[in-house]
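The values are calculated or read from the model by the stated rules, or taken from the named source; none is laboratory data. This structure is a prediction, so every number in the text was calculated from the model and none was measured. Here Cβ is always computed from backbone atoms with ideal geometry, including for glycine, and neighbour counts include all displayed protein chains. All accessible areas refer to the heavy atoms of the entire protein, side chains included, with ligands and DNA or RNA removed. Shrake-Rupley method; radii C 1.70, N 1.55, O 1.52, S 1.80 Å.
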Amino acid sequence: MIVEHKAKGGLIKFDIEIENSKIKDLKITGDFFIYPEDSVLDLEKKLKEKTEKESIKTIEEFLSNVKAPGINLEDFRKIFKKAFEEKNVIQSD
């Protein structure tokens, strides 16, 4: 499924597949900037097999190690929430 979020720094687009409450596959695209640029590919790999909650922790760590003008943790929180809700996945605490 395709999920989008318009952040201050640009559009973030996920082509995401969720199975059994975990990310099975993910491609991150959009018109935002993250430096170093190839770090997005590493992030995609790190997010596979993660739950929504685990994904947020992974993104938090990722953002502390890159430059992402106009993109913050809340932007990623919103897009993950949208993706998991569309898949009707209920996260348990």
* To do: Return yes or no: is Asn65 open to solvent by 90 Å² or more (accessible area, probe 1.4 Å), among the polar types (S, T, N, Q) and at negative phi?
  => yes
* Residue check: is Glu44 among the acidic types (Asp, Glu), within 11 Å of the chain's Cα centre (by Cα) and under 17 Å from Asp15 (Cβ atoms)? -> yes
* To do: Report, by residue number, each residue of the stretch 7-21 that is open to solvent by 80 Å² or more (accessible area, probe 1.4 Å), more than 13 Å from the chain's Cα centre (by Cα) and closer than 15 Å to Ile79 by Cα.
  => Lys8
* Within the stretch 80-93, is even one residue assigned to a helix (DSSP H, G or I), open to solvent by 80 Å² or more (accessible area, probe 1.4 Å) and of a type in the set (A, V, I, L, M, F, W, C)? -> no
* Limited to the stretch 70-79, what total is found for residues that are open to solvent by less than 80 Å² (accessible area, probe 1.4 Å) and under 17 Å from Thr29 (Cβ atoms)? -> 5
* Just checking, how many residues over the stretch 22-35 are loosely packed, with under 15 Cβ neighbours inside 10 Å and within 23 Å of Thr51 (Cβ to Cβ)? -> 4
* What residue, among those in the stretch 37-50 that are modelled with pLDDT of 95 or more and assigned to a loop (DSSP other than H, G, I, E, B), is least open to solvent (accessible area, probe 1.4 Å)? -> Lys50
